[in-house]
Amino acid sequence: MKKTDHIGVAVKSIENALPFYTEMLALTLIKQETVESQGVKVAFLDAGNIKIELLEPVNDQSPIARFIEKKGEGIHHVAFGVENIDKRMDELTSKGLSFTAEKSKPGAGGAQVAFLHPKQAHGVLYELCDHSYNGGDDHE
């Protein structure tokens with residue numbers, strides 16, 4: 001793992017949540033986008049040495065919609081920046097860990113992402129994100 005890249009926070013509405021982060025906490029909004037492959041709208045905020053990723057479901061079938069329905073708004077995942085995500089997934093799989101999907105998928109900011117199964121990580125959903133797929137964009 002290179003670094004902790006970001007913390008994902010599930011919210012019902014980015015529009016309603018943003019003022020807390022930008023006005024109250026004075027964090028800077030980096031960018032917003034929709035990630036169809038994950039069923040979410042995202043907003044990245046600069047929190048100094050880490051980013052906060054707000055995640056809003058785009059439909060009722062989105063994993064984020066199910067998360068919010070089950071647990072409410074709050075911390076969804078912790079993301080680690082990695083290089084060569086496919087090799088890293090193979091290494092972790094060889095150690096007996098499993099992922100929520102067999103292959104990495106496109107994520108926000110052009111990163112390639114994969115999620116470790118939380119049942120094997122003491123209830124925490126960890127994301128691996130590889131920015132080398134898009135020339136090193138460091139915003140997801």
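FYI, it's all coordinate maths here, none of it is from the lab. Here the structure is a predicted model, which means the values were calculated and not measured. No Cβ is skipped: glycine too gets one built from the backbone with ideal geometry, and neighbour counts run over all protein chains shown.
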Whole-Hz couplings from phi, Karplus 6.51/-1.76/1.60, listed for the stretch 75-87; x for Gly and Pro: 4, 9, 7, 10, 10, 10, x, 9, 10, 6, 4, 5, 5
Is the C-alpha gyration tensor of the stretch 3-134 telling us rounded, prolate or oblate? Criteria: a/c under 1.5 is rounded; beyond that, a/b larger than b/c is prolate, otherwise oblate. prolate
Of the listed pairs K12/K71; K2/K71; K95/K119, those with alpha carbons more than 18 Å apart are K2/K71
Rounded to whole Hz and in sequence order, give me ³J(HN,Hα) for the stretch 6-22 from the Karplus expression 6.51 cos²θ - 1.76 cosθ + 1.60, θ = phi - 60°, writing x for Gly and Pro. 7, 10, x, 10, 6, 9, 6, 8, 4, 4, 6, 7, 3, x, 4, 6, 8
Shape verdict for the stretch 1-42, please, from the Cα gyration tensor: rounded (a/c under 1.5), prolate (a/b greater than b/c) or oblate. oblate
Once label points are set 7 Å from the Cα along Cα→Cβ at both E33 and N59, what is their separation, rounded to one decimal in nm? 2.1 nm
Nonlocal amide H pairs with H76, under 5 Å, H built at 1.01 Å: G8, V9, A10
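When a/c is below 1.5 the answer is rounded, else prolate if a/b is larger than b/c, else oblate, so apply that to the stretch 1-77 with a ≥ b ≥ c taken from the square roots of the Cα gyration tensor eigenvalues. Before the final figure, lay out the partial values.
Values: a/c = 1.71, a/b = 1.37, b/c = 1.25.
It is prolate, given that a/c is not under 1.5 and a/b is the larger ratio.
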Among V113, P63, G96, whose Cα projects farthest towards the positive end of the dipole of the stretch 42-126, with charges put on the beta-carbon of Lys, Arg (+1) and Asp, Glu (-1)? G96
Report, in deg cm²/dmol and to the nearest 500, the calculated mean residue ellipticity at 222 nm for the chain, where each DSSP H run with n ≥ 4 adds -39500 (n - 2.57) and the sum is divided by the residue count. -5000 deg cm²/dmol
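Can you tell me, using C-alpha contacts under 8 Å and at least 6 residues apart, the relative contact order of the stretch 27-85 as a whole percent? Don't skip to the end; give the middle numbers.
Numbers: 72 pairs, mean separation 13.3, N = 59.
About 23 percent, as a whole number.
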Distant-in-sequence amide H partners of I30 (H built 1.01 Å from N, under 5 Å): F44, L45, D46
Once phi is turned into ³J(HN,Hα) by the Karplus curve 6.51 cos²θ - 1.76 cosθ + 1.60 with θ = phi - 60°, what whole-Hz value does each residue of the stretch 107-124 show in order, with x for glycine and proline? x, 5, x, x, 6, 9, 10, 8, 10, 5, 5, x, 5, 9, 10, 6, x, 9
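Applying a 10 Å radius around every beta-carbon, put 72-80, 24-32 in order of their mean neighbour count, most first. Let's see the in-between values first.
Values: 72-80: 16.6, 24-32: 12.6.
Sorting 72-80, 24-32 by mean packing, highest first, produces 72-80, 24-32.
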